[in-house]
Amino acid sequence: MKDYLKAIISGLLLAFAFPRFNLEFLAWLALVPLLFAIYPGNARRAMKLGFVAGLVFYFITLSWVINTLVNYGNIPTVVSWLILSLLVAYLSLYMGLFAYLVNRFGKGNPVNIFLLAPVTWTALEYLRSTHSIYGFSWQGLGYSQFQSLPVIQMASITGVYGISALIVLVNAGLFVLLHPSFEKYPAWQNYRKRIGVSTLLFLLFCVGYGWWTLSQAPVYGIPPVRIGLIQGNIPQKMKWDPAYRNEVLRRYRNLTFEAAVFKPDLMVWPEAVTPFYFGRDFAGTQYVLDTVRQAQTPIVLGSPAAKETGKELALGRSEPLRLYNSAYFLSGHGVQLGRYDKIHLVPFGEFVPFRSILFFIDKMVANIGDFERGEESQVFQLGDYGFAVSICFEIIFPDLVRRPVKQGAGYLINITNDAWFGKSAASYQHMSMVAMRAVENRVPIVRAANTGISGTVDAFGRIVDATEIFEEDWVIAEIHPLTSKPGFYSTYGDVFSQMCLVLVPLFAFMGSRSRPPDTFGWV
């Protein structure tokens, strides 16, 4: 029973390290109770303990899912709790598998545990985050440090997964230093100091690199790019109601004119801001184009898009339209310069997976059929700089966001509608991931959210000009785009995480051949 209490404590400490608790220092010791709980003991029991820690962590940090499903998905409360429970159980399996592997192949050997824990955690986190359709990067351990700027700078090389690995390495180092069982073995006394010194050196090196990077921040001698971010604060229940259509458009028009006084180089409206298919609804499209022409400012805006396939079916019927969640780039004269179609869609939000089986479930975006996936990233050109757009959920996927930077984007725009989250921690969790994408790619990111948080993240992860949630507002952001070649992570991607995938079986093999601690003969 004491071991299950330790697992619960680990889950609580992990949860408190994330927004909105923001006690990020707790992440550095949160896994120590769990490691104490699983050693000594058998691997199956260790998996149960890891699973329990995951249940506590994810139930607390993902509790906002209930609000989303009940209030916006019109799903009964009981069913919503069932859906959340399934999601939490799935995510907790990864923590259970982490505990199983560390116990099974650590074999009570402190060196094995120290080596195996960080690469195992990182490999599992990477695997659950990267599937092109069902990947879910939310609440990766490294995101807990988004406010610790010196710590996160190494993400420009390793991605967020390197931050996770560093945190787990420190936890593993603390565990093997503190566990009293190891002290009765003479050989362990020699390794205690070595592991302690190694842990400290790794931490100092990474943080030192971060401080050095921040001290090398360039002094810009060129004018910044000025971008107007419009936050209309349209409630979700009002957004798709035809009775409020004109009010939605008027609100964004008025806010745009207010921001246009400051003559930004670009204006940005949030995701799916138009309650119609842009380009197919004549009146609504003309209203938006007239707004752009009067503001005399290029604009990026989110809208549902419909594309005719041109295919004919039997009996003279045509194939239904293909629908996309898109971002349009318009010139200051109202001419369409480009369109980006969202690639990574939200399961049950924008499409229903396994539709033939789950035929009785509808998605949460009302009055619109299932969206199709976009095919490729787009880099748009405005003046001397290229930029790219990600839509909502896409910002949580490191590899997806880095691609347009590799292709020449000097800054990134994220448009989103976080009204689904209500006044929960989710909007703040979402923003923490935006900060990490900026550091990984060394580019500024501007973000326009329907209900907030809108604002700017510079290339070093500093969040500035952030709006409050559920307030009508606009911001004039000033950014300095990337002018040098893309950095290591933008260019090469998840090399570090893939190395961890290789190291897990290697360290596991080494662990399987190691002797029990009471037979250590090391010096």
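The values are calculated or read from the model by the stated rules, or taken from the named source; none is laboratory data. The shown structure was predicted, so the numbers you read here are calculated from the model rather than taken from an experiment. With ideal geometry, Cβ positions are generated from the backbone for all residues, glycine too; neighbour counts draw on all protein chains shown.
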Please determine whether any residue of the stretch 301-316 is surrounded by 15 or more Cβ atoms within 10 Å (Cβ to Cβ), modelled with pLDDT under 95 and either of a type in the set (Lys, Arg) or in contact with an Asp or Glu (Cβ under 9 Å, 6 or more places away or on another chain) (or both). yes
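With respect to Trp138, determine if the residue is modelled with pLDDT under 95 and assigned by TED's automatic domain parsing to the domain that holds Phe509. Give the steps one after another, and end with the answer.
On the way: modelled with pLDDT under 95: yes; assigned by TED's automatic domain parsing to the domain that holds Phe509: yes.
Yes: the conditions hold for Trp138.
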Checking Val379, Val434 in turn, the sole residue that is modelled with pLDDT of 95 or more, over 20 Å from Ile83 (Cβ atoms) and crowded, with 23+ Cβ neighbours inside 10 Å turns out to be Val434
With criteria (1) part of a helix (DSSP H, G or I); (2) under 32 Å from the mean Cα position of the chain (by Cα); (3) of a type in the set (A, V, I, L, M, F, W, C), Leu289 comes up short on (2)
Taking the stretch 13-25 and keeping only residues that are closer than 14 Å to Gln139 by Cβ and assigned to a helix (DSSP H, G or I), one is left with Leu13, Leu14, Ala15, Phe16, Glu24
Checked the stretch 417-430 for anything in contact (Cβ under 8 Å) with a residue 60 or more places away in the chain and either small (Gly, Ala, Ser) or not in a loop (DSSP other than H, G, I, E, B) (or both); matches are Ala419, Trp420, Phe421, Gly422, Ser424, Ala425, Ala426, Tyr428, Gln429
Among residues of the stretch 112-126 being in contact (Cβ under 8 Å) with a residue 60 or more places away in the chain and of a type in the set (A, V, I, L, M), the residue surrounded by the fewest Cβ atoms within 10 Å (Cβ to Cβ) is Leu115
With the first residue restricted to the stretch 453-478 and required to be over 23 Å from Val151 (Cβ atoms), and the second required to be basic (Lys, Arg), Cβ contacts under 8 Å at 6 or more apart or on different chains are Ser454/Arg447; Ile469/Lys423; Phe470/Lys423; Glu472/Arg251; Ile476/Arg226; Ala477/Arg226; Glu478/Arg226
query = Does Ile469 count as part of a loop (DSSP other than H, G, I, E, B), among the hydrophobic types (A, V, I, L, M, F, W, C) and not assigned by TED's automatic domain parsing to the domain that holds Leu127?
reply = yes
Quiz item: Restricting attention to the stretch 23-34, does a residue exist that is over 21 Å from Leu169 (Cβ atoms), modelled with pLDDT of 95 or more, touching a helix residue (DSSP H, G or I) at 6+ places or on another chain (Cβ under 7 Å) and among the aromatic types (Phe, Trp, Tyr)?
Solution: no
Any residue at all in the stretch 13-31 that's closer than 16 Å to Ile113 by Cβ and in contact (Cβ under 8 Å) with a residue 40 or more places away in the chain? yes
For helices (runs of 4 or more DSSP H) lying entirely in the stretch 31-119, having 3 or more residues that are of a type in the set (D, E, K, R) picks out 43-61
Based on this model, can you work out whether Ser80 counts as in the same structural domain as Val170 (by TED's automatic domain parsing), crowded, with 18+ Cβ neighbours inside 10 Å and without any contact (Cβ under 8 Å) to a residue 40 or more places away in the chain? yes
With the first residue restricted to the stretch 371-386 and required to be more than 17 Å from Ile445 (Cα to Cα), and the second required to be modelled with pLDDT under 90, Cβ contacts under 7 Å at 6 or more apart or on different chains are Phe371/Leu345; Phe371/Glu350; Phe371/Phe351; Glu372/Arg322; Arg373/Leu345
Scanning the stretch 500-518 residue by residue, the ones that are surrounded by 14 or more Cβ atoms within 10 Å (Cβ to Cβ) and either outside any helix (DSSP H, G or I) or within 22 Å of the chain's Cα centre (by Cα) (or both) total 3
Residues in the stretch 444-483 that are of a type in the set (Asp, Glu) and on the phi > 0 side of the Ramachandran plot total 1
When restricted to Thr456, Thr491, the only residue out of contact with any strand residue (DSSP E or B) (no Cβ under 9 Å at 6 or more places or on another chain) and either at pLDDT 95 or above or in a loop (DSSP other than H, G, I, E, B) (or both) is Thr491
Flagged in the stretch 223-256 as assigned to a helix (DSSP H, G or I) and in contact with a helix residue (DSSP H, G or I) (Cβ under 6 Å, 6 or more places away or on another chain), in numbering order, are Gln236, Met238, Tyr244, Leu249, Arg253, Thr256
Residue set Asn67, Asn71, Asn109; condition at pLDDT below 95, among the polar types (S, T, N, Q), surrounded by 21 or more Cβ atoms within 10 Å (Cβ to Cβ) and not assigned by TED's automatic domain parsing to the domain that holds Glu350; output residue Asn109
Filtering the stretch 217-265 for residues that are more than 25 Å from Gly383 (Cα to Cα), of a type in the set (Gly, Ala, Ser) and surrounded by fewer than 19 Cβ atoms within 10 Å (Cβ to Cβ) leaves a count of 1
Residue set Gly96, Gly50, Gly41; condition modelled with pLDDT under 95 and of a type in the set (Gly, Ala, Ser); output residue Gly41
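Would you confirm whether any residue within the stretch 259-278 is basic (Lys, Arg) and under 26 Å from the mean Cα position of the chain (by Cα)? Write out each step before concluding.
Residues of the stretch 259-278 basic (Lys, Arg): 263.
Narrowing the set further to residues that are under 26 Å from the mean Cα position of the chain (by Cα) leaves none.
The answer is no, given that none of the residues of the stretch 259-278 is basic (Lys, Arg) and under 26 Å from the mean Cα position of the chain (by Cα).
Considering Ser144, Ser164, Ser137, which residue is in contact with a helix residue (DSSP H, G or I) (Cβ under 6 Å, 6 or more places away or on another chain), buried (at least 20 other Cβ atoms within 10 Å of the Cβ) and not in a helix (DSSP H, G or I)? Before you say what the answer is, go through the steps one by one.
Numbers: Ser144 fails: not in a helix (DSSP H, G or I); Ser164 fails: not in a helix (DSSP H, G or I).
Answer to the check: Ser137.
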